Amino acid sequence: MDGAVQAENGVSEDTPENRTDSPDFGFLPQNLSVQCRSLIEGYHDLRGYSCLPDILWKAELGPFIETHLEFRQLLRKASTTRSAKKSNDGFAQIATKLLALEILASNFAGWATIYPQAASTARSILKRHARGTHTPLMESYLYPPKYISSAAIATLALPTKDEAAHAELRF
């Protein structure tokens, strides 16, 4: 299918540029995503989920979220559903993926050392969107005002050698 026909049909070419503008976040390590989700749920179980959309927007993540198809779909569903549980889940999914991106890109707790390819992809995604080293979700969840949360750091501990070896076998 040539470019003119694709443009008429609303189908974009599958080029590296198009894939990176709206990437598939399947490259994020599952164990990191699980730990990020646990951290986010624990935080909001204590403080309430009503502040989660505010955290995302005050961190100026709105434009970043809106440029990614997966995030836009999650945002639309979370914003329009009448179920608080589904809404909270949608916002938590967005925050989980963004927090995992920030952790990988910044090499927090050595995650980039274990997953260098995923870290490189995370850095390129954040760099492309002019976020650079800015890590607003890490600042919100890991570095509460006035002190560093040891509980949050413990939640994001590196996997054991067996878990890391098992994870590498899956990729």
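The values are calculated or read from the model by the stated rules, or taken from the named source; none is laboratory data. If you're wondering where the values come from, they're calculated on a predicted model, not measured in any experiment. Quick reminder, even Gly has a Cβ in these numbers, built from the backbone with ideal geometry, and neighbours come from all protein chains shown.
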Item to check | the stretch 15-37 residues that are under 14 Å from A119 (Cα atoms), paired with ones that are modelled with pLDDT of 95 or more and not in a helix (DSSP H, G or I) (beta carbon under 8 Å, 6 or more apart) | outcome: P29/Y115; L32/Y115
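Residues that are within 14 Å of P136 (Cα to Cα) and out of contact with any Lys or Arg (no Cβ under 7 Å at 6 or more places or on another chain): does the stretch 74-95 have at least one? Outline the logic, then answer.
Within the stretch 74-95, the subset within 14 Å of P136 (Cα to Cα) is 94-95.
After this cut, where a residue has to be out of contact with any Lys or Arg (no Cβ under 7 Å at 6 or more places or on another chain) as well, the list is 94-95.
Yes, there is a match, as at least one residue in the stretch 74-95 is within 14 Å of P136 (Cα to Cα) and out of contact with any Lys or Arg (no Cβ under 7 Å at 6 or more places or on another chain).
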Item to check | the stretch 57-108, residues that are closer than 19 Å to D24 by Cα, small (G, A, S) and free of Cβ contacts under 8 Å to residues at least 12 places away in the same chain | outcome: G62
Next on the checklist: With the structure loaded, tell me whether L158 is in a helix (DSSP H, G or I), out of contact with any Pro (no Cβ under 7 Å at 6 or more places or on another chain) and either modelled with pLDDT under 95 or surrounded by 14 or more Cβ atoms within 10 Å (Cβ to Cβ) (or both) or whether it fails that test.
Outcome noted: no
Item to check | Matching residues in the stretch 61-95 - criterion: being loosely packed, with under 14 Cβ neighbours inside 10 Å and among the hydrophobic types (A, V, I, L, M, F, W, C) | outcome: L69, A84
